[in-house]
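Remarks on the structure that follows.
The values are calculated or read from the model by the stated rules, or taken from the named source; none is laboratory data. Keep in mind that what you see is a predicted model, and the values were worked out from it rather than measured. Glycine also receives a Cβ, built like all others from the backbone with ideal geometry; neighbour counts cover every protein chain displayed. Calculation scope for accessible area: heavy atoms of the full protein, side chains included, ligands and nucleic acids excluded. Shrake-Rupley method; radii C 1.70, N 1.55, O 1.52, S 1.80 Å.
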Amino acid sequence: MSQQHALSDSQVSTELKKMTAFIRQEALEKHREIQLKADEEFSIEKSRLVRSETQRIDAEFAKKRSQAGMSQQITKSTLANRQRLKVLGARQELLDRLFEQAREGLGKKGKEGGLVKGLVLEGAYALGEEKISVRCRKGDVELVKKASREAEGEYKKGMKGKEVKVHVDEKEFVPEGSAGGVIILNGTGKIDINNTLEERLKLLETDALPSIRTTLFGENENRKFHD
C-alpha cells in the first residue's frame with residue numbers, strides 16, 4: 001500500500017486560491033454571457049419599440065394629413081358650391097327681370113295688327129279647317145276683324161287656293177285684364193289654341209329658356225347633352 005501524504009498549509013492555501021480563481025473566472029464568464037444576452041435582448045426590444053412607435057407616429061401623421069386634405073377638399077367644395085349658387089341666383093334674377101319687362105310690354109304688342117294677324121294665321125294652319133272662330137278682348141274686336149281678313153287672304157295664298165273662313169266671336173271675350181292676343185277654336189268649338197300674349201310668353205319662358213341662357217351666359221361646360 002502506498003502512503004498518502006497530508007497537504008501542508010501552503011499547499012492547501014495554493015489549492016484554495018486556484019479553486020477561488022477558477023470559480024471567479026467561471027462567474028465572470030457567466031456574467032459576461034448574461035450581460036451580452038441581456039444587451040442583445042435589450043437592443044432587439046428597443047428596436048422593436050422604436051419601430052412600433054415610428055409606425056404609430058407615421059400612421060397618426062398620415063391620418064391627420066388625410067383628414068386635413070379631406071377637410072380642405074370639403075372647404076373648397078363648399079365655397080365652390082356657394083359661388084355657383086350665387087352665380088345661378090344672379091342669372092335667374094336677370095332672367096326674371098327680362099321676362100317681367102317683357103310682360104310689362106305686352107300691352108303695346110296686343111294692339112299691333114301684324115302680330116294679331118300672325119296669331120290668327122298660326123291657329124288656322126294648326127287646325128286646318130274651313131271655318132274657325134276667334135275670341136279676343138272686347139276692345140280689340142275691330143282690330144281682330146281686320147287682322148282676320150288679312151289672315152284669310154294670306155292663308156289662301158299659302159295653302160294653294162284652299163280657303164278658311166274666320167269668324168270673330170262677339171259674345172265671349174278674352175278677359176279685359178289680358179295683354180291681348182286671341183284664342184282660336186275649330187268649327188265645333190271643342191278644340192282651341194290659346195294664342196293670347198300671356199300664354200305665348202309662358203311658352204317662350206319654357207321652350208326658349210335654354211337658348212336664352214346660352215345667348216346671355218354662353219354654353220354650360222358641365223352639360224353633356226344638348227337639344
Subject >> Residue satisfying condition, being open to solvent by 100 Å² or more (accessible area, probe 1.4 Å) and modelled with pLDDT under 85, within set Lys17, Lys46 >> reply: Lys17
**OP:** Answer yes or no as to whether Arg103 is at pLDDT 85 or above and either open to solvent by 80 Å² or more (accessible area, probe 1.4 Å) or over 30 Å from Lys202 (Cβ atoms) (or both).
**Re:** no
**OP:** Quick one: in the range 168-192, of everything that is open to solvent by 40 Å² or more (accessible area, probe 1.4 Å) and either touching a Leu at 6+ places or on another chain (Cβ under 9 Å) or without any contact (Cβ under 8 Å) to a residue 12 or more places away in the chain (or both), which residue is farthest from Gly128 (Cα to Cα)?
**Re:** Gly177
Original post:
Here are some residues: Arg91, Arg97, Arg51, Arg84. Which one is open to solvent by 80 Å² or more (accessible area, probe 1.4 Å), among the basic types (Lys, Arg) and over 30 Å from Leu203 (Cβ atoms)?
Top reply: Arg51
Subject >> Candidates Ala90, Ala59, Ala38, Ala68 - the one that is more than 25 Å from the chain's Cα centre (by Cα), modelled with pLDDT under 85 and farther than 30 Å from Ile191 by Cα >> reply: Ala38
**OP:** Take Lys157 and decide whether it is of a type outside the set (A, V, I, L, M, F, W, C), modelled with pLDDT of 80 or more and over 23 Å from Thr188 (Cβ atoms).
**Re:** yes
